[in-house]
Amino acid sequence: MKVSICTITFRHHLISLGEIAAWAQSNDFQGIELWGAHARNLAQHPDRNAEWLDGYGLSVPMISDYLPIDADAETLRRKTVELCRLARRWRTRKIRTFAGNRGSLATSAEDRQRTVERLKEICEITASYGIHLLAETHPKTLADTAASTMQLIEEVDHSYFAINFDTLHVWEGGDDPVAVHRTMKPHIRHYHLKNIVDRTDLFVFEPANVYAAAGSRQGMTPLFEGCVDYGRFLSEISGDPQVDASLEWFGNDCLDILRRDRRQVRQVIEGREPARRTVNF
């Protein structure tokens, strides 16, 4: 199992990619998942690329972005090609997006089909670059529940379409992540790992809040101190050396939290399970 940090963690920090890479290397991470905004800004620095990151013993497992599904076809094509070229620069074969911006129950059959067709169009472009398009399990998208996500996989029906399995959001959708994982596993190419103190705190992950510098961080908690039982979930995935997972932390004290979470993830993998505060499946 390979574990990465996400540069989105540092969206409000004055810190360079070199500093992030040095810290990740010294704290037993294998990769750095690039936020799309950061990947685009780094394009102005030609010396920052996959070869440079090799020097730290790190790689970029995925670029996480938000392709404009509702835009006109030419805009969507241009944005997709740009993202694929950035992915090549960082030598990654995965880009992440969301399956629309409305939940499955709030989406008409016609609008769902339109989103499916757009995802197919994107996959045709990414496939030409040898890159997989990953839709993230996420509220207010067509991948907001296990049933809708599995339906989406069948509808897109493309060999370069896959899933970024956000474990917390699968739980948020009312499903057991372990049970869903066993069904969805052939279609999963990446995992996001984060936790929450209580279901009533889930609002903190809404984009308008989480991207705001002054947004609430209430309920964001270390990986093994929240509602989702990560001891149980990691036992499902940690035995596979090809698994790519990112610790997605949006809260305060990021270096201390990530350092501790990484250490505890390692303990789970090695069979020395850390203490958890709550279990709420």
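FYI, it's all coordinate maths here, none of it is from the lab. What you see is a predicted model; the values in this text were computed from it and never measured. Cβ: placed from backbone, ideal geometry, glycine included. Neighbour counts: every protein chain shown.
Across all directions, the average flat footprint of the convex hull enclosing the Cα atoms of segment 214-254 is 3.7 nm².
Arranged from fewest to most other beta-carbon atoms within 10 Å of their beta carbon, L142, L234 become L234, L142. Note on segment 35-128: Rg/Rh from Cα positions, Kirkwood definition for Rh, rounded to two decimals, is 1.05. Calculated translational diffusion coefficient of segment 2-269 (10 °C, 1.306 mPa s; Stokes-Einstein with Kirkwood radius over alpha-carbon pairs) equals 85 µm²/s. By the count of neighbouring beta-carbon atoms within 10 Å, fewest first, R199, R232 end up ordered R199, R232. For segment 2-269, the relative contact order is 17 percent, taking Cα pairs closer than 8 Å that sit 6 or more residues apart in sequence and dividing their mean separation by the residue count. Each peptide in 135-141, 90-96 receives the mean, over its residues, of other Cβ atoms within 10 Å, and ordering these scores from highest gives 135-141, 90-96.
Where only DSSP H runs of four or more residues are counted, the chain gives -12000 deg cm²/dmol as its mean residue ellipticity at 222 nm, each run worth -39500 (n - 2.57).
Relative to the Cα centre, what is the charge dipole magnitude of segment 2-269, using +1 at the beta carbon of each Lys and Arg, -1 at the beta carbon of each Asp and Glu, and rounding to the nearest 20 debye? Once rounded to the nearest 20, the dipole reads 620 debye. Within segment 178-232, the proportion of Cα pairs with more than 15 Å between them is 58 percent.
R91 sits among other residues whose Cβ lies under 13 Å from its own Cβ, and their net charge, with Lys and Arg +1 and Asp and Glu -1, is +4. Of D253, D166, D201, D65, the sequence from fewest to most neighbouring Cβ atoms within 10 angstrom is D253, D201, D65, D166. With viscosity 0.890 mPa s and temperature 25 °C, the Kirkwood radius over alpha carbon pairs of segment 110-207 converts through Stokes-Einstein to a diffusion coefficient of 175 µm²/s.
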